[in-house]
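Some notes on the structure that comes next.
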Amino acid sequence: MAFPELAAGQLEAVAAAERVANPGCYATGAIALIRPLVQAGVMPVDFPLSLPAVSGYSGGGRQMMEAYEAGTAPLFEIYGLGLAHKHLPEIMKYTGLTRRPVFIPSVGNFQQGMLVQLPLHLDLLPGQPTAAQLHEVLARHYAGSEWVTVESAPESGKLTTLALNDTNKMELRVFGNEEYRHAVLIARLDNLGKGASGAAVQNLKLMLGL
């Protein structure tokens, strides 16, 4: 699977491969958040998870793009409420999860940009970690990565979808409230960048030794 930051050795595996498959845009954000927690033993593979997410309309195909650009689409819409979204099998495969997450995708009236959220009750996780400890797990996993970075949560408590548009970057953050023992981990990326063609170009360069 062509996510070079997935785990140790994955970059070398992509570089040596003859064919690779890029993960989907939503899956890229979800895997980036969950895999390090599972790998570090912080999250059991059968832990019940929900994954609310929002994308720009460019990820929805030609009909959706035409509707938004014509002004006939809703400003915001949740979809995939049959709870059988096509990205779920790859999320489970590459995170190691055995319990199917509840994935809730949505689309907004902006062309590109994506937020994938992972809400957690900290006191239900083994060892009852703090939000700061989850941040450290992510930071260790992606240390030295060129394209995936772990950033501090802004004091404003806000996060826009648009800041990484037209880049191959992905930013991960942990927002926490220790009084209530809640955390929300968020991956921000461009659904057309690290979530699509940006990742493809990154992997092509690795495979061609550029």
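The values are calculated or read from the model by the stated rules, or taken from the named source; none is laboratory data. The structure displayed is predicted, hence computed values, not measured ones. As a convention, Cβ positions derive from the backbone with ideal geometry for all residues, glycine included, and neighbour counts pool all protein chains shown. Heads up: the accessible areas ignore ligands, DNA and RNA and are worked out on the full protein's heavy atoms, side chains in. Shrake-Rupley method; radii C 1.70, N 1.55, O 1.52, S 1.80 Å.
Here are the numbers:
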item	result
Residue of Gly193, Gly29, Gly127 that the Gaussian network model of the chain assigns the largest fluctuation, springs spanning Cα pairs under 10 Å	Gly127
Span per principal axis, largest first, for the Cα atoms of the range 1-148 (Å)	49, 42, 25
Choice from Pro74, Pro101, Pro129 with maximal GNM fluctuation in the chain (Cα, 10 Å cutoff)	Pro74
Theoretical ellipticity at 222 nm over the chain - DSSP helices of four or more residues, -39500 (n - 2.57) apiece, nearest 500	-8500 deg cm²/dmol
From phi via Karplus (6.51, -1.76, 1.60), per-residue ³J(HN,Hα) for the range 115-128 in Hz, x at Gly/Pro	10, 10, 10, 10, x, 9, 8, 5, 6, 9, 7, x, x, 6
Cross-link partners of Lys158 among lysines (Cα-Cα below 25 Å; sequence separation of 8 or more within a chain)	Lys169, Lys194
Share antiparallel - DSSP beta bridges, the range 1-154, percent rounded to 5	45 percent
Accessible area of the range 1-158 belonging to carbon and sulfur atoms, whole % at 1.4 Å probe	53 percent
Mean Cβ count within 10 Å, highest first, over the residues of peptides 137-145, 166-174, 14-22	166-174, 137-145, 14-22
Nearest-20 debye value, the chain charge dipole, Cβ charges on Lys, Arg, Asp, Glu	380 debye
Å² of accessible area per residue within the chain, as computed with a 1.4 Å probe and no ligands counted	50 Å²
FRET efficiency for Glu151 and Glu18, using Cβ-Cβ distance with R0 set to 41 Å, rounded to 0.05	0.70
